[in-house]
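Following: one structure in structure tokens, then a few remarks.
All of the numbers you see were taken from the coordinates with simple rules; none came from a lab. Worth saying up front: this structure is predicted, and the values here are computed from it rather than measured. Counting neighbours? That spans all protein chains shown, and the Cβs are built from the backbone with ideal geometry, glycine included.
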Amino acid sequence: MTELTDLTLADARDALARKKFSAVELTEAHIRAIEQAKVLNAFILETPEKARAMAAQSDERIARGAARPLDGIPLGIKDLYCTEGVATTAASRILEGFVPPYESTVTANLWRDGAVMLGKLNLDEFAMGSSNETSFYGPVISPWRRAGAETPLVPGGSSGGSAAAVAAGLCFGATATDTGGSIRQPAAFTGTVGIKPTYGRCSRWGIVAFASSLDQAGPIARNVRDAAILLRSMAGHDPKDTTSVDAPVPDYEASVGRSIKGLRIGIPKEYRIDGMPAEIEALWQQGIEWMKAAGATIAEISLPHTRYALPAYYIVAPAEASSNLARYDGVRYGLRVPGKDMVELYENTRAAGFGKEVRRRILIGTYVLSAGYYDAYYVRAQKIRTLIKRDFETAFADGVDAILTPATPSAAFGLGEKGSADPVEMYLNDIFTVTVNMAGLPGIAVPAGTSAEGLPLGLQLIGRAFDEETLFAVAHVIEQSAPKVALPPRWWV
Amino acid sequence: MNSHAKPEKLIKGATGDFEVVIGLEVHAQVTSRAKLFSGAATEFGSEPNANVSLVDAAMPGMLPVINEECVAQAIRTGLGLNAKINLRSVFDRKNYFYPDLPQGYQISQYKSPIVGEGVVTVDVSPTEQIEVGIERLHLEQDAGKSLHDQSPTESFVDLNRSGVALMEIVSKPDMRSADEARAYVTKLRTILRYLGTCDGNMEQGSLRADVNVSVRRPGEPFGTRCEIKNVNSIRFIGQAIEVEARRQIGILEDGGKIDQETRLFDPVRGETRSMRSKEEAHDYRYFPDPDLLPLEFDQAYVDALAGYLPELPDAKKARFMKDYGLPAYDAGVLVADKETADYFEAAVKHGSKPRDPKLVANWVTGDVAAYANSLGLPVAQTHIAPAQIAGLVDLISDGTISGKIAKDVLAIVIGEDKDGDPRAIVEARGMRQVTDTGAIAAAVDAIISANPDKVAQAKAKPTMLGWFVGQVMKQTGGKANPQAVNELLKEKLGI
């Protein structure tokens, strides 16, 4: 028989309801899988006892016919979400020893619906990175390998632990966050589905902030339906986050399988970038054909300010980060490295507590907000942001229902292969994803094929604000049309 | 405004006259139960760190949520300052590191404040009124407090104040003397107290001022200013301005120039000291707080708040002058404290009997105020009830007692018979004024016949009358109607 961990979330949910196995059995299977996969370094902290207790409660509810939407479903939580009584690190040394006395709204929503917490997943430090190599707790190794090779590959980032754990069968789904592509790029690298919902769809309360105007929570799961199920539980208005939106959360699962006949799919010509690998170009073209085959019409569109998005993003995000990370000062919680006076305590603590990439972004952010540079950098970047938003508004006003693009400019790369000499090389990973954050729109990455080396490749769909349903419907068509991408072979066992 | 220097305001230097130019940034703590962006209490005097929420301590992932009551208070204050209310304003982050600033930034309003330009009319003296322009009012968070005296090796941080809402009220540089600045802060405090938007307790730090001072020769452009930080009493504001103006004049007269800098006032030494120069000034890296949407409300909301605004001091003063016929001075003194004004009105209106408002005002601002001062209390907080003052005034007006006896009655109310009705006190103690001319005449006759020499003097020097009045009052135990005594004496002495 198939292993329990190989099931989809939806199948496991239905089987639990039919009492084919218990939530405790399901959880034990995942705890064993996690034990065997330590080499992937996907988890920063495992919480098996908590998982067993939560699973037992789920079994109890299922037994008395009071099952909740996610009862007994084992999930991994990106360690950027604060979890009550469970250490939360943001993969940074500066939060050493920090145990939140509160639960983030999104995880609280998942527990409300009966989900089971397996532990805290690795990520790039403070979600700053595209390969999960900036984590203080070491890089995550992708469960994927190039055909016939053993070179360790990155799972992408910043939600690298989330993507790797889902792809490796360590959990049915995982929470993730996306500031510039941190859900969609790792999903594309690992053959999983990741959706960054509209800004304001999920509460940011209790999620360690990176760049407040861009950060958004979302799930990574093994298929489109599972992602839809998870997002429904995660989303919702939260009075504790004034940027969260008070709008009803639809039953996203219902849109999975919906026909896309007659929808207009926009193809932005500006995403055809120089030096794009032929296999990415071919994948995109294949996606267009699938759309046509499903009865959608294709429209060439223009998003003229796309080329400014990445530079503008790398001004706005570090600016906000430099301010958001000021609270890590060694005074109240986390790491403290003493000094002879207050200033030295700050300097010692922050020098020891933050890794190189975080320090780099704090410096960039501080610089672009400084007197004399603010107008030249921050103000102009915000203007570009407005123009990018307008590009999308124009496209959607012209009748486009969703926009199809590649998710990443390449397949996953090897550990240590990129960005060590030039950080911009790493930043270029986000070229197709940052525009979506800058515009606050929903975007989903869905597996669509494999590279010549046998690695997963993904396509991205961008939707209207708060129209995640169309994204699930279209993504499901791609999922159904694409050749099945199997889970990677378990070389680590 | 104030382009022509007023000679009487000028400060004499060794080389000629100087004009001092003052602008104030007043930080007023908003009266509200909860903080600006968190639900924590704002109570004064709690145990350290008793009123601290996760947001105030800047725990990871915490987000600010605007307290609507603080917004309403800022709007009310703006209306009270006759200022423009901005229907859209923006919260910015002011970034700097300090142990009592947990977020590493203060949420404030930089480019788009909630309240714009306004104006305050200020009584500098009974005869002089000036107008002080308001530049803006914005909402911001207070910081916590560092405690350096708890341990020889460590500092402690108390976050009770962290996140408490402040209104920063920035004036235009419209004041030209320490007296004007003092009068402005006094008036501002009165307005805030009337509105109930700030309790104005400077001892508790609810009201503090940054004082900007520069000097110039009359007619010249503004000089370089120095900012004196965090002055926490009206008296110190006046002193700080005077010593700072003198310091600057001294430098200029010695041929030096003023450096723009931030200074501290030391009330013990009576001097200001440099805190940091312009070069050392922080770069606050202001930018719009991405955790908060712009603050927006409509005119109808402002109008609704305006509809419930209490009568403000200027309007009340005008009404007291018009309705009660009070002189401007009396009206001004009464309205300076809302409770005193209410006290006065309660005394005037007590019962159904009309009474002379001026007489009531005299008692309230005279003997009652003196008694209250001796206790360090405002008039309305003494035990003397407005009804008792009304009773006292009625007794004087209907001739039952003289003004002098009334003082004795008040002394009894203050002392042994706190709840006593003045009329009952007068009756019980036989303090009624003698208006029976027969009895008074008998006393007058007795004095005249006993003092023939004085009678002769009085005929030559009519001011001797006072001596006779005194003797008669003494003999009648002070109860004789002074008017009747005067008339009878004049008649009998033939003067």
With +1 on the Cβ of every Lys and Arg and -1 on the Cβ of every Asp and Glu, the dipole magnitude of chain A about its Cα centre, in debye rounded to the nearest 20, is 280 debye
Per-residue average of other protein chain Cβ atoms inside 10 Å, peptide B:282-293 -> 6
So for R0 = 41 Å, FRET eff. of A:GLU270-A:GLN480 from the Cβ-Cβ r, to 0.05, ends up at 0.90
Scoring only Lys, Arg, Asp and Glu (+1, +1, -1, -1) among other residues with Cβ under 13 Å from the Cβ of A:VAL166 yields 0
Rounded to 0.05, the calculated FRET efficiency for the beta carbons of A:THR297 and A:GLU417 at R₀ = 35 Å is 0.30
Summing -39500 (n - 2.57) over every DSSP H run of at least 4 residues in chain A and dividing by its residue count gives a helix-only mean residue ellipticity at 222 nm, to the nearest 500 deg cm²/dmol, of -11000 deg cm²/dmol
Taking placed amide H atoms and a strict 5 Å upper bound, the residues 5 or more places from B:THR272 or on another chain that come that close are B:ASP266
Relative contact order in percent for the stretch B:7-306 (Cα pairs under 8 Å, 6+ apart) equals 24 percent
When B:VAL469, A:VAL477, A:VAL154, A:VAL39 are ranked with the fewest other C-beta atoms within 10 Å first, the list becomes A:VAL39, B:VAL469, A:VAL477, A:VAL154
Stretched fully, the stretch from B:ALA50 through B:TYR301 gains (0.36 nm per residue minus C-alpha distance, one decimal, in nm) 86.9 nm
In nm, the gap between the two label points placed 7 Å beyond Cα toward Cβ at B:GLN483 and A:GLU393 is 8.0 nm
Ranked on Cβ counts within 10 Å of their own Cβ, fewest leading, B:ASP323, B:ASP408 go B:ASP323, B:ASP408
Cross-link reach from B:LYS459 to lysines, straight Cα distance under 20 Å and at least 8 residues apart if same chain, gives B:LYS490, B:LYS492
Whole-Hz Karplus couplings 3J(HN,Hα) for the stretch B:265-275, θ = phi - 60° and coefficients 6.51, -1.76, 1.60, Gly and Pro as x, run 9, 10, x, 6, 8, x, 8, 9, 10, 5, 9
Compactness summary of the protein assembly as shown: radius of gyration and Dmax from Cα atoms, Å, are 38.9, 141
The simple spin-label model distance between A:SER259 and B:TRP467, using points 7 Å out along Cα→Cβ, in nm, is 12.5 nm
Long-range amide H partners of A:PHE43, meaning residues 5 or more apart or on another chain whose placed amide H is closer than 5 Å, are A:ASN122
Quick shape check on the stretch B:253-315: root eigenvalues a ≥ b ≥ c of the Cα gyration tensor, a/c under 1.5 is rounded, otherwise prolate if a/b tops b/c, else oblate, and it reads oblate
By the C-alpha gyration tensor axes a ≥ b ≥ c (rounded if a/c is under 1.5, else prolate when a/b exceeds b/c, else oblate), the shape of chain A is rounded
Per-residue Cβ contact counts at 10 Å, fewest first, order A:LEU4, A:LEU404, B:LEU87, A:LEU170 as B:LEU87, A:LEU4, A:LEU404, A:LEU170
Expressed in nanometres to one decimal, the distance between label points 7 Å along Cα→Cβ at B:GLU43 and B:GLU69 is 1.4 nm
1/(1 + (r/R0)^6) with r = Cβ-Cβ of B:GLU220 and B:LYS84, R0 = 35 Å, i.e. FRET efficiency to nearest 0.05, evaluates to 0.70
Inter-part gap, Cα centre of the stretch A:291-306 to Cα centre of the stretch B:50-119, in whole angstrom, is 45 Å
Residues whose modelled amide H sits under 5 Å from the amide H of A:GLY449, counting only those 5 or more places away in sequence or on another chain, are A:LEU457
A correct Karplus calculation of ³J(HN,Hα) over the stretch B:362-378, with 6.51 cos²θ - 1.76 cosθ + 1.60, θ = phi - 60°, whole Hz and x for Gly and Pro, returns 4, 5, 5, 7, x, 5, 5, 4, 4, 4, 4, 4, 5, 9, x, 10, x
